[in-house]
Amino acid sequence: MARAFILVLDSFGIGAAPDAEKFGDVGADTFGHIAEWCAAGNVAEDRPTPGPIRIPNMVALGLGKAAELATGKIHPGTEYSGDITGYYAACAERSFGKDTPSGHWEMAGLPVEFDWGYFQQGFPSFPDKLIDDLIAETGIPGVLGNKAASGTVIIDELGDEHVASGKPIVYTSSDSVFQIAAHEEHFGLERLYEICEVTRKLVDEYEIGRVIARPFLGQDGDYARTGNRRDYATPPHGDTLLDVMAAAGREVISVGKIADIFAHRGLTKKVKANGLDGLFDLSLECQKTAKSGSLTFVNFVDFDQTFGHRRNVAGYANALEYFDERLPEFLENMQADDLVILTADHGCDPTWPGSDHTREFIPFVAYGPQFQTGSGGRRDSFADIGQTIAKHIGIPPLAEGKSA
């Protein structure tokens with residue numbers, strides 16, 4: 001039986017979606033703006049050598065063509081005169097939000113066509129009752145923050161007070177999320193996880209998508225988040241590709257935060273690593289051992305959390321070039337009936353105002369030694385990705401989506 005792999009370049013949008021106006025994102029273009037920044041000769045510490053973005057392997061598979069479908073533009077660094085070796089399309093999102101669970105669930109055949117609950121952006125962000133209940137049920141001495149904020153900025157702002165007081169830092173964003181930051185040593189990693197589990201139950205009445213544990217280390221104002229992040233997501237509201245595979249007795253491997261996004265449902269194996277290099281190494285290991293008829297689902301979170309949200313154009317470009325440089329390692333080890341899909345879950349344009357996600361098309365770039373090549377055009381749902389996987393590996397069709 002055939003095998004399938006989904007490699008999610010978290011936040012790698014390829015141009016404003018048709019409904020971007022609803023989100024204030026008209027003109028957003030994660031890929032295009034990164035390519036333009038590089039071609040303009042800009043340099044920074046994360047990318048000290050000027051010149052067009054260098055991603056020849058993804059371009060050969062059709063990434064540049066997918067972006068052209070979305071925007072009508074040929075981005076600098078994506079010009080290509082050879083034969084495209086993959087299948088490419090640009091997918092618009094049906095889900096109502098531009099958040100991580102919505103993007104992944106829709107990709108797996110389950111659009112989120114309802115509104116999540118959101119916390120207000122000003123101080124205080126969280127209802128008094130929610131905070132009072134959290135303190136009462138966990139015994140913490142109180143909380144710090146209680147506002148919308150960048151995760152790195154708020155630990156710089158409140159890290160010292162957190163260490164001194166023992167009060168965790170709580171904050172939100174424009175996503176449906178309650179985030180809790182705490183020092184791994186002074187507060188305790190397991191204690192942070194326990195508090196997040198309590199919080200997950202408390203936020204259900206507010207219809208919040210995720211609670212996120214954000215551990216960090218450091219001292220005296222010099223703090224950095226660690227790789228021990230953990231997401232506590234509400235379960236999907238219906239069956240996803242993962243559930244259908246589980247019902248068919250197939251192997252489903254989660255690499256990175258995929259398990260957290262799907263509330264650990266429909267999985268047979270869960271593995272994690274830190275950093276882009278660690279996740280790529282682990283993906284290669286899973287590729288070697290994945291069983292016939294299996295799905296390996298990988299999320300490369302650094303594109304989003306380290307570069308997109310932090311509006312680090314140079315770092316994002318450098319990460320794309322690193323990923324592209326290593327991609328041949330994966331392609332060369334594919335079996336004859338394997339299929340790999342490169343995609344994203346939303347945009348996070350590092351040139352855009354603020355620090356939030358952007359409503360964009362995502363790439364649907366597929367390659368398999370025996371899979372079709374050429375254009376799939378613009379597609380009206382991320383669910384086409386999951387339906388393509390279902391057809392390829394021979395499981396019952398999903399409720400939503402059209403296969404390539």
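Each reported figure results from applying straightforward, stated rules to the coordinates on display, with no laboratory input. This structure is a prediction, so every number in the text was calculated from the model and none was measured. FYI the Cβ positions are ideal-geometry reconstructions off the backbone, even for glycines, and counts take in every protein chain you see.
May I ask what percent, to the nearest 5, of DSSP beta bridges between residues of region 106-257 are antiparallel?
50 percent
If I take all pairs of Cα atoms in region 102-159, what percentage of them are more than 18 Å from each other?
Numbers: 937 of 1653 pairs.
Value for region 102-159: 57 percent of Cα pairs lie more than 18 Å apart.
Using Cα-Cα distances under 8 Å and only pairs 6 or more residues apart, what relative contact order does region 128-232 have, in percent?
Once divided by the residue count of region 128-232, the mean separation gives 25 percent.
Kindly express, to the nearest 10 degrees and within the range 0 to 90, the angle between helix 313-332's C-alpha long axis and the longest C-alpha principal axis of the chain.
Long axis of 313-332 versus the principal axis of the chain: about 50 degrees.
Pop out the ³J(HN,Hα) list for region 175-191 in order, Karplus 6.51 cos²θ - 1.76 cosθ + 1.60 with θ = phi - 60°, rounded to Hz; leave Gly and Pro as x.
7, 7, 8, 10, 10, 10, 10, 7, 6, 4, 8, 5, 9, x, 5, 5, 5
Roughly speaking, what is the stretch gain from residue 1 to residue 45, that is 0.36 nm per residue apart minus the C-alpha to C-alpha distance, in nm to one decimal?
Details: separation 44, 0.36 × 44 = 15.84 nm, distance 4.62 nm.
Roughly 11.2 nm would be gained on extension.
Obtain the nm distance between the two label points defined at residue 83 and residue 128 by a simple spin-label model: each point lies 7 Å from its Cα along the Cα-to-C-beta direction.
Between residue 83 and residue 128, the label points sit 7.1 nm apart.
Distance in nm between label sites at residue 288 and residue 270, each 7 Å beyond Cα in the beta-carbon direction?
Computed distance between label sites residue 288 and residue 270 equals 2.5 nm.
How high is the relative contact order of the chain, in percent, counting Cα pairs under 8 Å that sit 6 or more residues apart? Please report the intermediate quantities before stating the final value.
On the way: 970 pairs, mean separation 121.2, N = 404.
Answer for the chain is 30 percent.
Provide the per-residue ³J(HN,Hα) series for region 361-369, in order, calculated from phi with Karplus coefficients 6.51, -1.76, 1.60 and θ = phi - 60°, each as a whole number of Hz, with x at glycine and proline positions.
Once θ is set to phi - 60°, the couplings for region 361-369 become 4, 10, x, 10, 10, 10, 9, x, x Hz.
Mind listing P(r) for the chain? All alpha-carbon pairs, 20 Å bins, whole percents.
28, 58, 13, 0
First measure r as the distance between the Cβ atoms of residue 19 and residue 207, then evaluate 1/(1 + (r/R0)^6) with R0 = 30 Å and state the FRET efficiency to the nearest 0.05.
Details: r = 22 Å, r/R0 = 0.72.
Plugging the Cβ-Cβ distance into 1/(1 + (r/R0)^6) gives 0.90.
Just need the relative contact order of region 26-102 here, percent rounded to a whole number, with Cα pairs under 8 Å and 6+ apart. Show your work: numbers first, answer last.
On the way: 81 pairs, mean separation 19.7, N = 77.
Reported as a whole number, the value is 26 percent.
Once phi is turned into ³J(HN,Hα) by the Karplus curve 6.51 cos²θ - 1.76 cosθ + 1.60 with θ = phi - 60°, what whole-Hz value does each residue of region 258-264 show in order, with x for glycine and proline?
For region 258-264, the Karplus curve yields 4, 4, 5, 5, 9, 6, 6 Hz.
Going by alpha carbons, how many degrees (0 to 90, nearest 10) lie between the helix axis of 275-289 and the longest principal axis of the chain?
Taking Cα atoms only, the helix is inclined about 50 degrees.
Quick one: which residues, 5 or more positions from residue 358 or on another chain, have an amide H under 5 Å from its amide H? H modelled 1.01 Å from N in the peptide plane, none for Pro or chain starts.
For residue 358, whose amide H was placed from the backbone, the distant partners under 5 Å are 347, 348, 349.
What does DSSP give for the chain in terms of the percent of beta bridges that are antiparallel, rounded to the nearest 5?
Details: 22 of 56 bridges.
Bridges in the chain that DSSP calls antiparallel: roughly 40 percent.
Springs between alpha-carbon atoms under 10 Å, Gaussian network over the chain: tell me which of 386, 266, 275 tops the mean-square fluctuations.
275
Could you list which residues have their amide H under 5 Å from that of residue 339, counting only those 5 or more apart in sequence or on another chain, with H placed in the peptide plane?
3, 4, 5
Select from 313, 112, 153 the residue whose mean-square fluctuation is largest in a Gaussian network model of the chain (Cα-Cα springs shorter than 10 Å).
153
Given the options 224, 52, 335, identify the residue whose Cα lies farthest towards the positive end of the charge dipole of the chain (+1 on Cβ of Lys, Arg; -1 on Cβ of Asp, Glu).
Result: 335, furthest along the dipole toward the positive end.
If you take the beta carbon distance between residue 402 and residue 237 as r and set R0 to 22 Å, what does 1/(1 + (r/R0)^6) give as a FRET efficiency, to the nearest 0.05? It would help to have the intermediate numbers written out before the result.
Working: r = 21 Å, r/R0 = 0.97.
Efficiency at R0 = 22 Å is approximately 0.55.
Along the Cα→Cβ direction, 7 angstrom out, place labels at residue 325 and residue 26. What is the inter-label distance in nm?
4.0 nm
Cross-link candidates for residue 129: which aspartates and glutamates have Cα within less than 16 Å, leaving aside residues fewer than 8 places away along the same chain?
In chain and number order, the partners are 137, 204, 205, 207.
Counting only residues 5 or more places away or on other chains, whose amide H sits under 5 Å from the amide H of residue 269 once H atoms are built in the peptide plane?
Under 5 Å from the amide H of residue 269 lie the amide H atoms of 252, 254, each far enough along the sequence or on another chain.
When the chain is modelled as a GNM with alpha-carbon springs shorter than 10 Å, which of 121, 179, 219 fluctuates the most?
219
If r is the Cβ-Cβ distance from residue 121 to residue 380 and R0 is 41 Å, what FRET efficiency results, to the nearest 0.05? Kindly include the intermediate steps, with their values, before the conclusion.
On the way: r = 31 Å, r/R0 = 0.75.
It comes out at approximately 0.85.
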